[in-house]
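Input: a single structure, listed below in structure tokens.
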Amino acid sequence: MAAPVKVKDRKYESVVFSAYVVPTIPILSGAVGDPDGAGYVAGKYVGLDDPKKDIKARMRLVAAAADQVYNLAAETRDDPSILHIFMVPEFFFRGKTGAYESSPDQDLTQYGGTIAREIGDQPKFANWMFVFGTYLHSDIGAADSVKRKKAEAREDLIQALVRAYEASPDDDTREFVFSLLTQATEFAQSRPLTVVRNSCFIYKQQSSSWPMGLFIDKRFISHEDFVISYYSPTAYTEMNVAYPYVDESSGELKSEATDAKSIFSMDGITFAVEICLDHRRGRLRMAREENEQSRVPVDIQLVPSCGMQLQQPSIIAKTGGFVFNCDGQYATRDTKASPDDHTSVFKGSKDGKGHTQLTTVKAEASAPEQHATLEIPKDARVITAPFSVPSDVNVDQIEACGAGEVHL
């Protein structure tokens, strides 16, 4: 979003939002039920066979997109009074099996994090904050033989239920089979074979508070987060994955870079981050109602997602604050949702598989039923451009639906 918007009484006077709007969905082969509701996504992840090369190639795309946005931001890019925020959608880093394993070569705090910091540490990005979408990483190195046999059995079960659902002769049978499928996935997620963290990595050079960057973890798992019909015991699917428990009893203020909490300060600005379904479910709105320590004034609320737009009931930014969303799944705003076109700037991608959305808070939320009042930021405008894919990356090998575009 091209025109800088004002941030008062901070190191920065204004902020410019930008994004690499790239589809981050898998190759879809169908759906069981309504994937936007209680249904499931059938498909296959895309990525390079070598996870280390996969991470490097994806970082190369982020670097190229950031360079392209920098070139578009000629009017503001070098102004030390303006903070530039560059964001990537949820699920950008997940690899060919749906999540990276626990090893130095696949760990974003090590190999991937080093590359991310090299991007952010370039002198031209002195006043830029990078929100690297999300990175999915498992708690295991490689599945042992026992887990492999359990995974194979679960995949056999899910395949049988999907076939039965597709062959159902009537609605009653289809509903019955769907209820069995729901029971199977609920059983599997209550007894996961693998715990996967879906983490948003954020980095800004010369940050005294977070010199190596920080992570925000997603709390709520969606039926769209993992596929169900990718038959491979090494893949991360609906039948073998759960997110770790997020303890919010002490509130949502971050104290360590790798804790799961979602509110932090950087350069005198307080940020809140909600990943996709966490935003729809009002994770931070609920936390602030239950925990007084979480009720700090939030200047900027960020929502990286894959299948989500801003939700008025979930907005916690203070009066005069901003809320920005970058999505990697759809480009048409839900006309039943708020903020709408009169209270936000919504820009869908030309490929129909992504968007950005920006709003400002006219009056912050107060009582549980008193939602924030929103409006379009003054003088906000959007510049878009097709993403210029670097010649050394075959984007079709790591993205299912093309290269996307950049928004400023």
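The values are calculated or read from the model by the stated rules, or taken from the named source; none is laboratory data. What you see is a predicted model; the values in this text were computed from it and never measured. Glycine gets a Cβ as well: all are built from the backbone with ideal geometry, and neighbour counts include every protein chain shown. The protein model used for the area step is the full one, side chains on, heavy atoms only, and it has no ligands, DNA or RNA in it. Shrake-Rupley method; radii C 1.70, N 1.55, O 1.52, S 1.80 Å.
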Inset, instruction - Any chance you could give the angle, 0 to 90 degrees and rounded to 10, that helix 171-190 forms with the longest Cα principal axis of the chain? - result: 70 degrees
Inset, instruction - Just add up the charged neighbours of PRO304: K/R +1, D/E -1, any other residue whose Cβ is under 9 Å from the Cβ of PRO304. - result: -3
Legend entry - Dipole in debye (nearest 20) - segment 86-193, about Cα centre, beta carbon charges: Lys, Arg +1; Asp, Glu -1: 340 debye
Inset, instruction - Starting from the Cα of SER103, step 7 Å along the direction of its Cβ; do the same at GLN183; then give the gap between the two resulting points in nm. - result: 3.9 nm
Inset, instruction - Name the residue farthest towards the positive end of the dipole of the chain from the options SER207, ALA257, ALA367, assuming +1 on Cβ of Lys and Arg, -1 on Cβ of Asp and Glu, about the Cα centre. - result: SER207
Inset, instruction - Take the chain, connect every pair of alpha-carbon atoms lying under 10 Å apart with a spring to form a Gaussian network, then pick out the residue of GLN329, GLN293, GLN311 with the largest mean-square fluctuation. - result: GLN293
Legend entry - Apportionment of accessible area to carbon and sulfur, segment 40-110, percent (1.4 Å): 46 percent
Inset, instruction - Calculate the spin-label point distance for ILE27 paired with THR258, positioning each point 7 Å from the Cα along the beta-carbon direction, and give it in nanometres. - result: 3.5 nm
Inset, instruction - Skip the ligands, DNA and RNA, and give the accessible area per residue of the chain with a 1.4 Å probe, whole Å². - result: 41 Å²
Legend entry - Listed residues LYS336, LYS378, LYS53, most fluctuating in the chain (Gaussian network, C-alpha, under 10 Å): LYS336
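So how much slack lies between ASP247 and ARG295, counting 0.36 nm per residue of separation and subtracting their Cα-Cα distance, in nm? Can you show the working numbers first?
Values: separation 48, 0.36 × 48 = 17.28 nm, distance 1.68 nm.
Full extension from ASP247 to ARG295 adds 15.6 nm.
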Legend entry - Cα-centred dipole magnitude for the chain, charges only on beta-carbon of K, R (+1) and D, E (-1), debye, nearest 20: 620 debye
Legend entry - Using alpha-carbon coordinates, inclination of helix 145-166 to the longest axis of the chain, degrees: 90 degrees
Inset, instruction - Note the angle between two axes, namely the Cα long axis of helix 51-72 and the longest principal axis of the Cα atoms of the chain, as a number of degrees from 0 to 90, rounded to the nearest 10. - result: 30 degrees
Legend entry - Computed [θ] at 222 nm, deg cm²/dmol, the chain (DSSP H ≥ 4; -39,500 (n - 2.57); rounded to nearest 500): -7000 deg cm²/dmol
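Pop the C-beta distance of ILE383 and LYS362 into the FRET formula with R0 = 35 Å and round what comes out to the nearest 0.05.
0.90
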Inset, instruction - Please report the orientation-averaged projected area of segment 225-313, defined via the convex hull of its C-alpha atoms, in nm². - result: 7.3 nm²
Inset, instruction - Taking Kirkwood radius over Cα pairs in Å as the quantity of interest, determine which of [x] 22.4; [y] 28.7; [z] 21.5 was computed from the displayed structure. - result: [z]
Legend entry - Beta bridges by DSSP in the chain, antiparallel share as percent, to the nearest 5: 65 percent
Legend entry - Cβ-Cβ FRET estimate between ASP156 and GLN397, R0 fixed at 30 Å, reported to 0.05: 0.55
Inset, instruction - Rank by packing, highest mean first: peptides 273-284, 174-185, with packing defined as the count of other Cβ atoms within 10 Å averaged across residues. - result: 273-284, 174-185
Legend entry - Cut-off 12 Å between beta-carbons: net charge of the residues surrounding LYS204, Lys and Arg +1, Asp and Glu -1: 0
Legend entry - Inter-centroid distance (Cα atoms) of segment 269-335 relative to segment 12-65, Å: 20 Å
Inset, instruction - Would you calculate the separation in nanometres between label points at LYS52 and GLU13, each defined as 7 Å from the Cα along the Cα-to-beta-carbon direction? - result: 4.8 nm
Inset, instruction - Pull out the extension gain between GLN370 and GLU75, defined as 0.36 nm times the separation in residues minus the alpha carbon to alpha carbon distance; nm, one decimal. - result: 102.4 nm
